[in-house]
1. Being open to solvent by less than 10 Å² (accessible area, probe 1.4 Å), under 14 Å from the mean Cα position of the chain (by Cα), modelled with pLDDT under 90 and among the β-branched types (Val, Ile, Thr) narrows it down to one residue among THR5, THR14; which is it?
2. What number of residues within region 167-179 satisfy the criterion of being open to solvent by 50 Å² or more (accessible area, probe 1.4 Å), in contact with an Asp or Glu (Cβ under 8 Å, 6 or more places away or on another chain) and at pLDDT 95 or above?
3. Within region 1-31, restricting attention to residues that are of a type outside the set (Gly, Ala, Ser), touching a Ser or Thr at 6+ places or on another chain (Cβ under 7 Å) and assigned to a strand (DSSP E or B), which residue is farthest from GLU126 (Cα to Cα)?
4. If we keep just the residues of region 138-153 that are farther than 18 Å from HIS18 by Cα and not small (Gly, Ala, Ser), which is surrounded by the most Cβ atoms within 10 Å (Cβ to Cβ)?
5. Check every one of the strands (runs of 3 or more DSSP E) wholly within region 73-129 and list those with 1 or more residues that are open to solvent by 20 Å² or more (accessible area, probe 1.4 Å), at pLDDT below 90 and basic (Lys, Arg).
6. Take region 32-63 and flag every residue that is under 15 Å from PRO168 (Cβ atoms), touching a residue at least 60 places away in the same chain (Cβ under 8 Å) and not in a strand (DSSP E or B).
7. If you go through region 71-130 one residue at a time, how many are touching a residue at least 60 places away in the same chain (Cβ under 8 Å) and either in contact with a Pro (Cβ under 9 Å, 6 or more places away or on another chain) or closer than 16 Å to ARG162 by Cβ (or both)?
Amino acid sequence: MILGTLGNELSQLTCSMHIAKELSTDDELKGFSSFERAIESLKKNSIQKVLIPGAYPDINKFIMDNDLEVYKSFVEKIPSLVFASNSKKIKECSELFLHRATKNLVADIPSSSSVAKLTYVDSNEEACEKLIKNNQEQSFIACITNSLCAEHFNLKIHATLREGISMPWIIFKAKENNQ
């Protein structure tokens, strides 16, 4: 069976891929650029299951989708969520890259770094990639990401915003009568 979720199956840096890898011993993992794309693939029978975290802001549309059903739900801790950049020192932040699911964590960023612009991305991994791509020496650009991504991209972690949250997870499959 193929289990799809947000992320890249090669790097496995998103919280979703990390949990899928830990959970799934028999399933092949397939990464998608969004949960919506994973669900589209599920509906086309290209994959058999999709893993989505309970913190995903639009999860209700999948729960209420008449073509889908909850196959399994469980709680598992995610890697720490952090405020990071490539700078050694925190300054006023000209741009902050983050996934919409982490929006509430902006209030927990150290007070020494006010944020001028929020830029939403599709994953924690993409937040790091955009930070690196858009980094300019004269400005302080940062991201909210998970500790796996920050370490992989060699970012300086300025603050741990949430330490290993116990997250609810839902695995969706296509309804039997719709196949």
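The values are calculated or read from the model by the stated rules, or taken from the named source; none is laboratory data. On a predicted model such as this, the values are computed, not experimentally measured, just so you know. Cβ coordinates were reconstructed from backbone atoms using ideal geometry, including for glycine residues, and neighbour counts include every protein chain displayed. Keep in mind that these areas ignore ligands, DNA and RNA; they rest on the heavy atoms of the full protein, side chains included. Shrake-Rupley method; radii C 1.70, N 1.55, O 1.52, S 1.80 Å.
1. On the way: THR5 fails: modelled with pLDDT under 90.
Being open to solvent by less than 10 Å² (accessible area, probe 1.4 Å), under 14 Å from the mean Cα position of the chain (by Cα), modelled with pLDDT under 90 and among the β-branched types (Val, Ile, Thr) holds for just one of THR5, THR14, which is THR14.
2. 0
3. If we take residues in region 1-31 being of a type outside the set (Gly, Ala, Ser), touching a Ser or Thr at 6+ places or on another chain (Cβ under 7 Å) and assigned to a strand (DSSP E or B), then LEU3 is farthest from GLU126 (Cα to Cα).
4. CYS143
5. On the way: elements: 81-85, 93-99, 118-121.
In region 73-129, there are no strands (runs of 3 or more DSSP E) which contain 1 or more residues that are open to solvent by 20 Å² or more (accessible area, probe 1.4 Å), at pLDDT below 90 and basic (Lys, Arg).
6. Residues satisfying the conditions are GLY54, ALA55, ILE59, PHE62, ILE63.
7. The number of residues fulfilling the criteria is 14.
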